[in-house]
Amino acid sequence: MIRARHLFGLACLLFVAATARDGFDAWIARTSLPSLAVETGVEVRDRNGELLRAYQVEDGRWRLDASLATTDPRFVEMLIRYEDKRFYQHSGVDLIAMLRAIGQAVRHGEVISGGSTLTMQVARLLEDSGTGAWRGKLRQMRVAWALERALSKTRILDLYLQRAPYGGNLEGITAATRAYFGKPPRRLTQAEAALLVALPQSPETRRPDRFPETTQAARTRVLQRLAKADVLTEEEFESAVSAPLPTTRRPVPQLAPHLADRLREEGPRRIETTLDRNLQIDMERLAKSALRGLPDQVSTAILVADHRTGEVLASVGSATYSNTRNAGFVDMTQAPRSPGSTLKPLVYGLGFDRGLAHPETLISDRPRQFGTYAPQNFDGAFRGDVSVREALHMSLNLPVVSMLDVIGPAVLVERMKAANAAPVIPGGKAGLAVALGGAGVSLENLVGLYAGIAAGGASVRLSPLPGDAPVSQRFLSQRSAWYLSDILRDVPPPPNARAGQIAFKTGTSYGHRDAWAIGFDGAHVVGVWMGRPDGTPVPGAFGGDLAAPILFEAFGHLGDVTPLPPAPQDALMVGRSDLPEPLKTFREKGLFAATTQPQLAFPPDGAQVDTGGAPVVARIRDGHAPFTWLADGVPVVVKSHDREQEIAIPGRGYLTITVIDSAGQSTRTRIFVN
């Protein structure tokens, strides 16, 4: 009978316990959890994952992405041993620690130690609630139990690392280590880790930049307890306790601000780029030094890219992002400006492609009027007959305008578009002045154009984002692109710079509003612009004097110069005397008696031809013999009186057939050979 009563009593106790447990579980299950989404500032990183620039969250706090995986494990160990040593055993609330804290408070009449677990602290941070009132503490306990049921321990630690306060507007361990130590939290010293353990307990009164004595005492207490718990050796304790405190807050990196602003508009919270952090720092310093001694309103921009891949390695939109006197907030890598003489190489390249000229072809530099347009050379002098090579070296105006007069401005614009360098044309219709800078081109597009020349005439679209290489198209033949590289690398460099290694061109726009220098070696292309963003003239500003020295300094930061490629097999490496007769002297439009224009009767322009590997048969009508026949700009038949020729096929792809008659008139057709 007694035994039966005992069993009945035990059953009643178990029922009450089970009922209480079920009620407790239901109470926790009904908990309304705060949002677990933590807004972090946008981070822009370089090709190696190094931070270039970060942004604050909307309320002005520095809160950067953080996680257990990116935080020093030693710090995490110290944090848990100091704050919540049974973190991995309890289910959100450490009742043992809480009872101990209550007992100490009763005995001493004040709070000696806290009973909050890391999970409870996360609950408080997520709800932004206080720590003192018992109602708030009960709420934190309830949320902590609910968090433990919904999240893993790792996720809870991630939330703590993202939200813990570290003084001022610093929130999260990444913002703290950036501000106090100038580095990410991946590797920390014992002294640094101890400081970060101590700060969140009283983030405002323990700020090392304002209250160093209080901070020192708090860090020492953390180190003493960890040493007593054998987390630190005696040697580690002595080293950490004597380590100096950070006395100032370091600025969060703000590199490549213009580019970062553009990417931020469309990018995710973490933006990976192709930039190189160290090179970006070098280029920003170089841009600042370039402005010394110049008027305050002058700005500069620098762009560095790998023309083999199109990857942007450094982008400086201005030397002084926050300077309003020179509109430093304007990204001058993107602003359309007059390119001055920097388009001249492309004009000559198109002439090479069309069989109109060779680098050794003579071209006239004499006064001439093109309708109502009468261009002059920059110095007002004329030099008579010069080679195309010399005309480009000296950046003469009359020869290049004569060349464009034959090619046509519309062709130049179309080829610029093919090179991803579409110009802004005033009035919408291009004229001959485009050859001398009568259009708007951004530094980025101009550098992209030269990248395409460096890449053998295939378009290169520059991008600061990895894996963003678009489909390339040819805008110049490889041979013509090499002719340009060969000419430009012999342009006299600035004083004290080595000649013959970098192919480059300078430019100065009308009224000295823009000074340019664009150049490349076998791997990199660099562009420099200098001027006033508002377009006001800068008297005495020349590309050769201002921009070219900066260009060569920029290449100096890239290390050893990569050699330019050798001549392609179809390059015509002869002097003027050995050139085909029509290529010895450039025939200017309108300077010779009119004759019947030759016409290619077959194949028609744009045709697709399938010859089974046999030569293409081409026929010409009109014009005056003898004729010179060229395939992709290379003479294949010279001084022929035949109006029908077999043109050998170099392979599958596009083929341009050009015929020049004895009067220098030409015709061409572009076909695709299957």
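Coordinate-derived values only; no laboratory data. Since the model is a prediction, treat every value here as computed from it, not as a measurement. Reconstructed Cβ throughout: ideal geometry from the backbone, glycine too, with neighbour counts over all protein chains shown.
Kirkwood hydrodynamic radius computed over the stretch 592-673 comes to 12.7 Å, based on all pairs of distinct alpha carbons. Over the stretch 38-241, Cα pairs under 8 Å with separation of 6+ residues give a relative contact order of 21 percent. The modelled label-to-label distance between Arg270 and Lys429, using points 7 Å beyond Cα along the C-beta direction, is 5.5 nm.
By the equivalent-ellipsoid construction on the alpha carbon gyration tensor, the stretch 427-504 comes out with semi-axes of 23, 20, 14 Å, ordered largest to smallest.
The relative contact order of the chain comes to 10 percent, based on Cα pairs under 8 Å that sit 6 or more residues apart.
Placing unit charges on the Cβ atoms only, positive for Lys and Arg and negative for Asp and Glu, gives the chain a dipole magnitude near 2200 debye about its Cα centre.
The slack between Gln473 and Arg155, meaning 0.36 nm per residue of separation minus the straight C-alpha distance, is 109.6 nm.
Annotation: aspartates and glutamates with alpha-carbon distance below 12 angstrom to Lys85 (same-chain offsets under eight excluded): Glu77, Asp94.
With Rh defined as the Kirkwood radius, the inverse of the mean 1/r over Cα pairs, the Rg/Rh of the chain is 1.20. Would you please classify the overall shape of the stretch 471-549 from the alpha carbon gyration tensor, given that a ≥ b ≥ c denote the square roots of the eigenvalues, rounded means a/c under 1.5, and beyond that prolate means a/b larger than b/c while oblate covers the rest? Oblate, since a/c reaches 1.5 and b/c is not below a/b.
Sequentially through the stretch 30-44, phi angles give Karplus couplings (6.51, -1.76, 1.60; θ = phi - 60°) of 7, 5, 8, 7, x, 4, 8, 7, 10, 6, 10, x, 5, 10, 10 Hz, Gly and Pro residues having no value and appearing as x. At the listed q of 0.10, 0.13 Å⁻¹, the Debye profile of the stretch 202-340, built from one uniform point per Cα, gives log10 I(q)/I(0) equal to -0.59, -0.76. Modelled spin labels at Arg670 and Glu127, positioned 7 Å past Cα toward Cβ, are 7.0 nm from each other.
Segment Phe211..Tyr373, full-extension length gain: 51.0 nm, with 0.36 nm per residue of separation and the alpha-carbon distance subtracted. Taking 0.36 nm per residue of separation and subtracting the Cα-Cα distance, full extension of the segment from Asp490 to Asp642 would add 50.7 nm. Among 57-69, 449-461, 636-648, 607-619, sorting by the average number of other beta carbon atoms lying within 10 angstrom of each residue, highest first, gives 449-461, 57-69, 636-648, 607-619. In this calculation the C-beta distance from Glu77 to Ser202 is compared with R0 = 25 Å, giving a FRET efficiency of 0.65.
Taking the average, over residues, of other Cβ atoms within 10 Å as the packing measure, peptides 179-191, 274-286 rank 274-286, 179-191 from highest down.
Converting phi to 3J(HN,Hα) with the Karplus coefficients 6.51, -1.76 and 1.60 and the offset θ = phi - 60°, the stretch 456-464 yields x, x, 9, 4, 10, 9, 6, 8, x Hz in sequence order, with x at every glycine or proline. If you fit an axis through the alpha-carbon atoms of helix 95-108 and take the longest principal axis of the Cα set of the chain, what angle between them do you get, 0 to 90°, nearest 10? Helix 95-108 sits roughly 60 degrees off the main axis of the chain. The ranking of Thr372, Thr536 by Cβ neighbour count inside 10 Å, starting from the fewest, reads Thr372, Thr536.
A DSSP coil position with no more than 14 other Cβ atoms inside 10 Å describes the following trypsin sites (Lys or Arg not before Pro) in the stretch 234-273: Arg269. The ellipsoid that matches the Cα gyration tensor of the stretch 271-353 has semi-axes, each √(5λ) in whole angstrom, of 26, 20, 11, with the longest given first.
Estimated from helices alone, the mean residue ellipticity of the chain at 222 nm is -10500 deg cm²/dmol (sum of -39500 (n - 2.57) over DSSP H runs with n ≥ 4, per residue). Summarised as an ellipsoid, the stretch 38-241 has semi-axes of 27, 22, 16 Å, derived from the eigenvalues of the Cα gyration tensor scaled by 5 and square-rooted, with the largest first. In terms of distances greater than 18 angstrom between alpha carbons, the cross-link table entries Lys589/Lys639; Lys429/Lys589; Lys344/Lys505; Lys183/Lys228 yield Lys589/Lys639; Lys429/Lys589; Lys183/Lys228.
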